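> Structure provided below as structure tokens; questions to follow.
Just so you know, all these numbers are worked out from the coordinates, no wet-lab data involved. Owing to the predicted nature of the structure, the values given are computational and were not obtained by experimental measurement. All Cβ positions, glycine included, derive from the backbone under ideal geometry; neighbour counts span all protein chains shown.
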Amino acid sequence: MSLPFKPSRRDLLKALPLIAAASGCRRPPYDRRAFAVPARSAVALLPAPNYSVDLADVIFRGLQLLQPDVRGRSVFLKPNVVEYEAGTVINTHALVVAGAAVALRRAGAREVVVGEGPGHRRDIEYLLTATGLYDQLKDLRLRFVDLNHDDVRIVSLKSRFTGLTELALPVELLAADFVVSVPKLKTHHWTGMTASMKNLFGVVPGAVYGWPKNLLHYRGIENSILDLTATVQPHFAIVDAIVSMEGDGPIMGTPRATGFLAMGADPVSVDATCARVMGFEPSKMGYLQNASGYLGNIAEARIDQRGEPLSRYRTRFEVMQSFSGLQVAGGA
Amino acid sequence: MSRPIVTHTDSVATLRSAANSSGGWGYYRGKSSRIEPTCWALFALSAAGRSDLEMHRRFLLACQRDSGLLVEQTALPVNFAFNALALIAMLRYRAEFGDAPLRRLHDALVKHKGEGAGPSPIFRQNNALQGWSWVEGTFSWLEPTSFGLLALKIARAAGLQSSEADARIDEAERLLIDRCCRNGGWNYGNANAFGKDLIPHLPTTALALLAMQNRRDVAEVQKSLAYLEAQWPKESSTIGLGLTTICLRRHAKETEQVTRRLGDHMPIAESLGNLHALAVAHCAMLPPDQHDVFTV
């Protein structure tokens with residue numbers, strides 16, 4: 001479990017200069033010229049009723065719909081692997097990771113590497129074997145990078161919501177041509193939901209900053225999501241929403257069959273779409289609302305839906321009481 | 001016919017050959033030298049003699065800063081868990097490291113405390129207790145507190161005593177007891193959240209039990225030891241099984257079966273190039289006359 005207590009007075013004090021900057025001076029903690037929000041973003045929803053379907057085929061069809069150019073590029077897949085308990089749906093399913101690797105190779109990627117830095121259990125060998133990911137890596141001859149323990153390079157953050165100016169990040173992630181966030185769709189008891197943006201917590205090296213990446217919690221989880229997304233700038237997202245998690249996510253929640261994969265090159269619009277599926281209003285979620293100012297689109301009118309219509313999957317996830325205010329009035 | 005147990009001497013040579021020219025070891029083959037895997041590799045090489053320790057010793061000493069604490073690059077935050085491990089390494093090779101760097105590190109570790117906090121309706125625990133945090137300015141977590149507690153106990157047994165260190169040991173023990181899961185064992189952090197009990201993990205339980213090895217009178221230690229003995233057959237990692245072996249040995253428990261399972265898992269760590277895991281495994285397989293690395 002992540003936080004010993006809710007970010008409150010201490011966080012507020014740390015955030016005060018930023019709040020002042022944002023509200024008083026109306027100057028956001030990033031350089032607008034460094035970012036270009038696309039006029040429109042495409043998000044594909046691909047049906048996948050269970051993990052037995054040919055996921056490489058489903059993901060390849062999504063790539064064809066969205067046309068990301070991975071030809072000749074080194075691709076880094078970043079799944080969400082946190083901790084393991086049998087019967088739960090905490091982690092991105094190993095078959096989704098494998099399917100993504102096969103599809104991206106088929107689309108022309110020069111190399112596909114998988115990497116993760118779990119935020120809870122630091123023993124990656126345990127997580128790889130328990131989740132079945134180790135067997136997939138072996139079968140597909142995929143190289144794995146333990147992001148918690150990789151060599152690091154210090155990089156400047158491209159936005160400063162946390163108040164931090166730089167972070168040490170794993171060199172293998174920084175060296176990749178094309179980063180793909182491959183999260184599990186879950187509710188989250190601190191942020192409401194977790195998908196492709198929150199998944200980037202796993203790139204922060206635990207051997208440098210400790211577990212559960214506690215520094216980011218102290219700096220504000222939503223602030224950290226924004227700074228990491230701005231800095232890593234993932235090129236693509238593939239969300240495992242075949243079986244999602246509702247209730248007390250991201251660890252203690254309950255499985256919820258949702259039956260699709262969400263894909264897109266704009267992680268903000270992918271997450272906003274997933275939020276709508278869950279019954280949330282994206283503009284009520286602090287980090288998505290802030291992200292819409294510089295990282296991507298959240299307005300439904302700016303998102304081109306490909307594949308299946310959103311209405312096919314729109315539902316209402318069980319959430320903790322503290323997040324009921326994020327839900328769209330009247331339900332799905 | 002049962003499989004032979006992988007012996008310590010089988011691949012210590014491999015571990016030795018994986019050292020970087022700096023004298024340290026990376027977490028993975030081909031990666032730069034880091035404090036944690038270097039300490040574990042030094043423990044694993046305990047039985048191999050002390051004649052060629054110089055380059056490894058130099059790496060750790062080069063990491064020691066004016067504060068007495070070790071960090072690989074000055075721009076990175078100090079990791080207190082790995083500093084506790086470095087103190088254990090310096091104590092293990094006290095003659096080679098000398099007393100001055102050891103005492104500086106010891107005193108710095110005694111001074112550092114994880115952040116405390118007030119009561120919270122979310123966590124049924126005593127947030128005011130302060131052990132060690134992973135990095136400066138954050139909460140006290142299970143692993144750094146276990147490493148810190150273990151290091152100070154080993155130091156105390158080696159004659160480094162002070163009332164400040166005793167107070168830290170006392171509070172860290174209380175923190176571990178406070179964070180023990182309902183049915184024994186330890187999560188990496190809290191025992192509960194949002195009204196739900198959290199699950200214990202094997203490596204964190206082994207570490208905490210190692211740090212509490214001289215407190216077998218405590219009920220939380222007894223039930224956690226029972227948890228560890230019941231759960232290790234389900235563990236599927238080299239580090240988890242290695243730490244379990246080291247822990248059970250310190251608690252005078254049978255280790256042949258767990259060591260055999262550890263041997264079965266080492267090829268996975270090998271295939272991942274995980275030198276940290278291999279070093280923990282080799283440490284777990286030290287010959288009986290070298291089992292005192294973590295004795296408090």
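> Please turn the phi angles of segment B:186-200 into ³J(HN,Hα) values with the Karplus equation 6.51 cos²θ - 1.76 cosθ + 1.60 (θ = phi - 60°), one per residue in order, whole Hz, x for glycine and proline.
With coefficients 6.51, -1.76 and 1.60, one gets 10, 6, 6, x, 9, 9, 7, 7, 6, x, 10, 6, 9, 8, x Hz.
> Counting residues in the protein assembly as shown as N, plug N into 2.2 N^0.38 Å and put the Cα Rg over that result.
Relative to the rule-of-thumb radius for its length, the protein assembly as shown sits at 0.95.
> Build a GNM of chain A with springs between Cα atoms under 10 Å: which of A:Ala299, A:Ala265, A:Ala98 gets the top mean-square fluctuation?
Its mean-square fluctuation being the largest, the pick is A:Ala299.
> Quick check on segment A:129-249: of the DSSP beta bridges with both residues there, what percent are antiparallel, nearest 5%?
Beta bridges within segment A:129-249, antiparallel portion: roughly 65 percent.
> Another question, if that's okay. Can you put A:Met252, A:Met320 in order, fewest other beta carbons within 10 Å first?
Fewest-to-most ranking of A:Met252, A:Met320: A:Met320, A:Met252.
> I want to check the label-to-label distance for A:Arg312 and A:Arg40. Put each point 7 Å from Cα in the C-beta direction and report it in nm to one decimal.
2.0
> Provide A:Phe323, B:Phe59 in ascending order of the number of other Cβ atoms located within 10 Å of each residue's Cβ, fewest first.
By the 10 Å Cβ count, ascending, the order reads A:Phe323, B:Phe59.
> Continuing with this model, one more query. With n ≥ 4 as the cut-off for DSSP H runs, can you work out [θ] at 222 nm for the protein assembly as shown, using -39500 (n - 2.57) per run divided by the number of residues, rounded to the nearest 500?
Mean residue ellipticity at 222 nm (helix-derived): -12000 deg cm²/dmol.
> In a Gaussian network model over chain A where Cα atoms closer than 10 Å are linked, find which of A:Val113, A:Val179, A:Val171 has the largest mean-square fluctuation.
With Cα springs under 10 Å in chain A, the top fluctuation among A:Val113, A:Val179, A:Val171 is at A:Val171.
> Okay, next question. Tell me, how many Å apart are the Cα centres for segment B:17-34 and for segment A:196-237?
Each part's Cα centre sits 27 Å from the other's.
> Using 12 Å as the cut-off for backbone N distance, which residues of segment A:63-91 belong to the label zone defined by a point 7 Å from the Cα of B:Lys196 along Cα→Cβ?
Correct set: A:85, A:88-90.
> Still on this model: Quickly work out the B:Glu164-to-A:Gln64 label distance, labels modelled 7 Å from Cα along the C-beta direction, and quote it in nm with one decimal.
6.9
> Using θ = phi - 60° and the Karplus relation 6.51 cos²θ - 1.76 cosθ + 1.60, list the HN-Hα couplings for segment B:258-273 in order, rounded to whole Hz, with x at every Gly or Pro.
Each residue of segment B:258-273 in turn: 5, 5, 5, 5, 4, x, 5, 8, 4, x, 5, 4, 4, 5, 8, x Hz.
> While we're here: Applying the Karplus parametrisation 6.51 cos²θ - 1.76 cosθ + 1.60 with θ = phi - 60° to the phi angles of segment B:53-68, what ³J(HN,Hα) value in whole Hz is obtained for each residue in order, glycine and proline being reported as x?
Coupling constants for segment B:53-68: 7, 3, 5, 6, 4, 4, 4, 5, 5, 5, 7, 6, 9, 4, 5, x Hz.
> If amide H atoms are built 1.01 Å from N in the plane of the peptide, which residues on other chains or at least 5 residues away come under 5 Å of the amide H of B:Tyr28?
For B:Tyr28, whose amide H was placed from the backbone, the distant partners under 5 Å are B:Leu275.
> Which of B:Pro233, B:Pro121, B:Pro37 ends up with the largest GNM mean-square fluctuation for chain B, with Cα atoms connected below 10 Å?
Most flexible of the set in this elastic network: B:Pro121.
> Another one. Where does each of B:Glu173, A:Glu166 land when they are ranked from fewest to most other beta-carbon atoms within 10 angstrom?
The most exposed by this proxy come first: A:Glu166, B:Glu173.
> Toward the positive end of the charge dipole of segment A:118-176, about the Cα centre and with charges on Cβ (Lys, Arg +1; Asp, Glu -1), which of A:Leu142, A:His120, A:Thr131 goes farthest?
Highest projection toward the positive end goes to A:His120.
> Amide H of A:Leu147 versus every other amide H placed in the peptide plane: which residues, excluding those fewer than 5 positions away on the same chain, fall under 5 Å?
Those qualifying (amide H under 5 Å, at least 5 residues apart or on another chain) are A:Glu116, A:Gly117.
> Using amide H atoms built in the peptide plane, which far-off residues or other-chain residues are under 5 Å from A:Arg256 H to H?
A:Ser244, A:Met245, A:Glu246
> Related question: Under a plain spin-label model, where a point goes 7 Å from the Cα along Cα-to-Cβ, how far apart in nm are A:Asn50 and B:Ala157?
Once both label points are built, they end up 5.4 nm from each other.
> Something else about it: Could you give the distance between the Cα centres of segment B:92-107 and segment A:33-57, to the whole Å?
One Cα centre to the other: 55 Å.
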